[in-house]
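These notes concern the structure reproduced below.
The values are calculated or read from the model by the stated rules, or taken from the named source; none is laboratory data. Values in this document were obtained by computation on a predicted structure and should not be read as measured data. So basically every Cβ, Gly included, is an ideal-geometry build from the backbone, and we count neighbours across all protein chains shown.
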Amino acid sequence: MTASAPKVSEIKPGWLASFKVYLEPATLRMLSLGFSAGLPLLLVLGTLSFWLREAGVDRTTIGYLSWVGLAYAFKWVWAPLVDRLPIPLLTTWLGRRRSWLLLAQLGIMGGLIAMSFNDPRVALQPVVWGALAVAFGSATQDIALDAFRIESAGSERQAALAAAYQTGYRLAMIWAGAGVLWLAARAEVAGVANYQHVAWQRAYLVMAASMLLGMLTVLLSPEPAHRAGIKAENARAWLHSALIEPFADFLRRYGRQAVLILALISIYRISDVVMGIMANPFYVDMGYSKDEVAAVTKIYGVLMTLTGAFVGGAMALRWGVMRVLMLGAIMSAASNLLFAWLGTRGHDVAALIFVISADNLSSGIASAAFIAYMSSLTNINYSATQYAIFSSMMLLAPKFLAGYSGRYVDAFGYQNFFVATALLGVPVLLLVALASRIKNR
């Protein structure tokens, strides 16, 4: 008796074919749109705090202004509107996903321009309002972009799209972090006081202009297939489909298993997030210079994250998302133990490079698989709303716990802290193992 030939759906692509997915139009579009998504984050958080401090704003005020970033945590509140509501004229011209993307990008650009023309030393409030506009526009762009990505390809290509998205996102963070500081420094006039508003103005105007890349991509991209939007004559039915049905659909599809899935989403990145809060203070206390930290963790580290994202995307396409999800969870927790080892080395740049290589590579692999996993859980009819809920949940518990990380380090030291964050990843392994038995619905 001869063995039956494998079904076409069971044939796995070779490694070369797996990596060719990154040359497909949908993947290249996500590279550009990922850049557009990653650009605003630091401009209203990290880079903004540098600018405000140089302008003489006190640290307490700067800390309060970091709450601007809460827009990202609560984007699920208006996600149903982005998911279902058409925009007059724009939606007729571009379609629902692209119209929301373009509107959000215009809001980001307008907010950055408003920030650039206001000196926080003279009037802080206009800068804050501009930052709020950027954060709200950025969070809205994330909602529409997640839906656009999920609807642009099948589940087997979501990891590759996620990897391309992360690549663009990380490149934008380099540009919005190191790039804007470089631009501001080059725009300064020699012999003048340290703080020069004109230098920051020019740098932020360049950042605003950088949003044109994403806007051009939106205009040249095809609108993905999806359900029709609101019918004006039946607003009550729309409210049900936009606000209630996305939640009910997920619970209906997974039943009691929804609790397990949501638990996994809530803590999958807990080791990375909690540890990351104390990473920069650790570098300072270990005697690493600003140049060393910038070169190793910001430039080289980002490149290693991108490498991990591409490798993770290809592995997920070949081996399946759940296996790579488990691998990423193991590597993320284990890499925290390397930080505990690094704490015994003193000022050792070679050891720092080794640890950053392992940590950022594992982070890239885990992120690519995790994004693909959350994407696979969504119903394409409610992709924006459901994914917004998942992406908000993934940071809520870790961010809350991370608030106590400084107190823990003060009490028990860095080495015990890093070991503890690694142990936080143990329950994640159990949840991944249990979730892998759930059939995708």
Practice item. Read through the list (1) surrounded by 19 or more Cβ atoms within 10 Å (Cβ to Cβ); (2) modelled with pLDDT under 90; (3) of a type in the set (A, V, I, L, M), then give the number of the only condition that Met109 fails. Key: (2)
Practice item. Check Ile299, Ile277, Ile230 and return the single one that is modelled with pLDDT under 85 and either among the acidic types (Asp, Glu) or surrounded by fewer than 15 Cβ atoms within 10 Å (Cβ to Cβ) (or both). Key: Ile299
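Per-residue answers, yes or no, for (1) at pLDDT 85 or above; (2) surrounded by 15 or more Cβ atoms within 10 Å (Cβ to Cβ); (3) assigned to a loop (DSSP other than H, G, I, E, B); (4) at positive phi:
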residue	(1), (2), (3), (4)
Tyr195	no, yes, yes, no
Ala208	yes, yes, no, no
Val218	yes, yes, no, no
Ser241	no, yes, no, no
Ala248	no, no, no, no
Val259	yes, no, no, no
Leu262	yes, yes, no, no
Tyr288	no, yes, yes, no
Practice item. Select from segment 121-138 the residues that are over 15 Å from Leu106 (Cα atoms) and either of a type in the set (A, V, I, L, M) or under 28 Å from the mean Cα position of the chain (by Cα) (or both) and write down the one among them that is surrounded by the most Cβ atoms within 10 Å (Cβ to Cβ). Key: Val127
**Study point:** Test: residue in segment 337-347 that is buried (at least 21 other Cβ atoms within 10 Å of the Cβ) and under 26 Å from Met393 (Cα atoms)
**Key:** no
Revision key, fill the gap. Of the residues in segment 399-441, those that are within 17 Å of Ala366 (Cα to Cα) and either in contact with a Ser or Thr (Cβ under 8 Å, 6 or more places away or on another chain) or not assigned by TED's automatic domain parsing to the domain that holds Ile267 (or both) number 5
Exercise for review: Take Thr167 and decide whether it is at negative phi, modelled with pLDDT under 90 and among the β-branched types (Val, Ile, Thr).
Suggested key: yes
Review point. In the set Phe74, Phe117, which member is over 25 Å from Leu213 (Cβ atoms) and surrounded by fewer than 17 Cβ atoms within 10 Å (Cβ to Cβ)?
Key: Phe74
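Condition check ((1) assigned by TED's automatic domain parsing to the domain that holds Arg84; (2) crowded, with 22+ Cβ neighbours inside 10 Å; (3) touching an Asp or Glu at 6+ places or on another chain (Cβ under 8 Å)) across all residues:
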site	(1), (2), (3)
Val349	no, no, yes
Ala358	no, no, no
Tyr373	no, yes, no
Ser376	no, no, no
Tyr382	no, yes, yes
Tyr387	no, yes, yes
Ala397	no, no, no
Check your understanding: Which pairs do you get when a residue that is in contact (Cβ under 8 Å) with a residue 12 or more places away in the chain, found in segment 307-329, comes within reach of a residue that is assigned to a helix (DSSP H, G or I) and of a type in the set (Phe, Trp, Tyr), reach meaning Cβ atoms under 6 angstrom, with the pair 6+ apart or on two chains?
Key -> Ala314/Phe19; Val321/Tyr373; Leu325/Tyr373
Check your understanding: When only residues in segment 78-105 that are among the polar types (S, T, N, Q) and within 21 Å of Ser138 (Cβ to Cβ) count, which is farthest from the chain's Cα centre (by Cα)?
Key -> Thr91
Practice item. Using the structure shown, decide if Arg84 is in contact with a Pro (Cβ under 8 Å, 6 or more places away or on another chain) and crowded, with 18+ Cβ neighbours inside 10 Å. Key: no
Study note, to complete from the structure: Okay, helices (runs of 4 or more DSSP H) sitting entirely in segment 71-136 with 1 or more residues that are among the small types (Gly, Ala, Ser), I get 79-84, 96-116
Practice item. Would you confirm whether any residue within segment 400-414 is buried (at least 23 other Cβ atoms within 10 Å of the Cβ) and on the phi < 0 side of the Ramachandran plot? Key: no
Review point. Of the numbered conditions (1) closer than 26 Å to Met304 by Cα; (2) crowded, with 16+ Cβ neighbours inside 10 Å, Leu423 satisfies every one except a single condition; which is it?
Key: (2)
Exercise for review: For segment 37-68, enumerate the residues that are under 21 Å from Ile174 (Cβ atoms), at pLDDT 75 or above and either outside any helix (DSSP H, G or I) or not assigned by TED's automatic domain parsing to the domain that holds Leu171 (or both).
Suggested key: Val44
Practice item. Answer yes or no as to whether Ile371 is part of a loop (DSSP other than H, G, I, E, B), in contact (Cβ under 8 Å) with a residue 24 or more places away in the chain and not small (Gly, Ala, Ser). Key: no
